[in-house]
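Data block below; observations after.
The values are calculated or read from the model by the stated rules, or taken from the named source; none is laboratory data. These figures come from a predicted structure and were not determined experimentally. So basically every Cβ, Gly included, is an ideal-geometry build from the backbone, and we count neighbours across all protein chains shown. We work out accessible area using only protein heavy atoms, side chains counted, and drop any ligands, DNA or RNA first. Shrake-Rupley method; radii C 1.70, N 1.55, O 1.52, S 1.80 Å.
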Amino acid sequence: QGTLFGRNTTGGAVSVIMAKPRDEFHVKGEATIGSFDRKTAKVIVDIPLSERVLSKFAAFYVEDEGYLKNTANGERLNGERNYGFRGDLRFLATDKLTIDVAGEYTNNTGTYLGMSSIATPSSTFKTTTTPVFGKTNLTLPKTKCDGDPVNILLTQKAGLCSLSEGIATTVNATYAAETGTLMAIFGYRKLDQQFINQYNTNGTALYNSYILTDATVNKQFSGELKWSSSLLEDRLKYVAGVFYLQEKNKDAMADFQSTVAGASAFNLLQDRHFHQKVETAAIYLQADYEAVPGLIATLGGRYTYETKKLGFETSDRFPGFGFDSAAAIAAGIPLKLTQKRFTPRVALSYKV
């Protein structure tokens with residue numbers, strides 16, 4: 001699978017194929033309620049706009065109060081509030097050309113925190129402490145992570161939150177020729193993530209506890225051109241293609257903890273900022289030959305070229321903290337990596 005799907009899939013790939021818009025009006029929905037005030041709902045609507053233009057719209061909502069209770073202030077934690085929308089358009093341009101366009105938006109909020117423990121060894125779990133299930137003891141109250149997490153922490157003196165907000169769009173054009181099928185696949189995705197976590201789950205004073213804030217932005221674009229066909233009365237089937245991906249990441253991470261007893265303000269330990277860019281291009285070819293019924297010989301290969309670049313910046317919100325790329329280079333840390341790899345596949349399989 002690494003030859004056809006690229007890096008990180010040599011051990012296996014999961015292909016998720018979304019349901020395409022129907023050629024007739026159709027509505028499906030469901031709702032559930034459960035423990036911890038859990039509520040979920042989703043709806044899918046198929047609306048044919050014409051004989052050659054089909055559409056599908058979907059939405060979902062999930063909410064619950066969380067199963068973890070903060071014994072410090074009575075708040076419930078590890079809950080969630082997630083919702084999203086998706087729209088699909090299918091253009092049956094000709095009898096041979098089909099174009100699928102899709103767009104989606106998702107918003108996920110919640111807290112993901114550990115339970116507290118007591119300082120008694122557990123014979124059940126073979127640990128030096130005993131976990132207290134369903135309970136924690138955090139001195140930081142919860143809030144929303146919609147904004148700069150450092151500013152939220154310092155102004156509201158609250159946290160215990162996370163937010164992931166994503167948008168994505170894809171275009172998939174398929175042309176069924178007499179001798180094979182040509183596919184052009186394009187995709188764009190942007191993901192913004194913020195969180196504020198407190199890691200002392202046994203009741204450390206607010207300003208003496210260890211608190212981590214993080215804000216990440218990820219953007220990626222990919223394009224692929226693929227040709228598949230068969231020869232020798234369908235005994236030889238092959239697929240060939242080219243692929244390109246560009247990914248950009250930015251991250252700002254600050255952590256706070258004071259070692260002074262009775263501290264009355266957050267003490268900044270470090271503020272780190274970095275950005276990363278990945279570019280990868282590949283070309284591949286794979287063929288399956290059925291020598292006799294049930295016996296298939298596979299031969300394939302993929303050549304990949306990839307460049308990764310990393311950069312650091314000093315903190316602009318806390319002057320004097322963090323480090324830049326020059327400091328990383330002076331420490332002997334390389335900031336660029338280029339790799340060229342050939343991934344082969346040779347297989348012989350028999351279907352009983």
Exercise. Considering only protein heavy atoms, what per residue accessible area in square angstrom results for the chain with a 1.4 angstrom probe?
Worked result: 59 Å²
For this session: In whole angstrom, note down how far apart the Cα centers of the stretch 3-22 and the stretch 144-185 are.
Result: 18 Å
Problem set entry | Label assignment, Kirkwood radius over Cα pairs in Å derived from the structure, set (1) 24.9; (2) 21.1; (3) 23.8 | (1)
Exercise. Which listed residue (Gly180, Ser229, Gln193) has the Cα farthest towards the positive end of the charge dipole for the stretch 176-235, taking +1 on Lys and Arg C-beta and -1 on Asp and Glu C-beta about the Cα centre?
Worked result: Gln193
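Using a 1.4 Å probe on the protein chains only, how many percent of the accessible area of the chain belongs to carbon and sulfur?
59 percent
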Exercise. Among all the lysines, which ones have a C-alpha under 22 Å from Lys226's C-alpha, if same-chain residues fewer than 8 places away are not counted?
Worked result: Lys20, Lys96, Lys237, Lys340
Problem set entry | Whichever aspartates and glutamates have a C-alpha closer than 20 Å to that of Lys277, once near sequence neighbours (fewer than 8 apart) are set aside | Asp192, Asp214, Glu224, Glu247, Asp251, Glu306, Glu313, Asp324
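Return the FRET efficiency for the residue pair Phe36, Gln276: r is the Cβ-Cβ distance, R0 is 30 Å, and the value is rounded to the nearest 0.05.
The calculated FRET efficiency here is 0.20.
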Seminar exercise, completed: Summing -39500 (n - 2.57) over every DSSP H run of at least 4 residues in the chain and dividing by its residue count gives a helix-only mean residue ellipticity at 222 nm, to the nearest 500 deg cm²/dmol, of -1000 deg cm²/dmol
Seminar exercise, completed: Computed from the beta carbon distance with a Förster radius of 35 Å, FRET efficiency for Ala176 and Thr338 to the nearest 0.05 stands at 0.35
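Normalised radius of gyration for the stretch 52-153, please: alpha carbon Rg relative to 2.2 N^0.38 Å, two decimal places. List each step's numbers first, then the result.
On the way: Rg = 22.7 Å, N = 102, 2.2 N^0.38 = 12.8 Å.
The value comes to 1.78.
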Problem set entry | Relative contact order for the chain, counting Cα pairs under 8 Å that sit 6 or more residues apart, in percent | 10 percent
Problem set entry | Partner lysines for Lys142 [C-alpha distance under 28 Å; skip if fewer than 8 residues away on the same chain] | Lys39, Lys42, Lys69, Lys157, Lys190, Lys250
For this session: Grab the Cα-Cα distance for Val14 and Thr298, subtract it from 0.36 nm times how many residues apart they are, and report the gain in nm with one decimal.
Result: 100.2 nm
Exercise. Hey, quick one: spin label on Thr94, modelled 7 Å out along Cα-Cβ, who in the stretch 21-52 has an amide N within reach, i.e. under 20 Å?
Worked result: 51-52
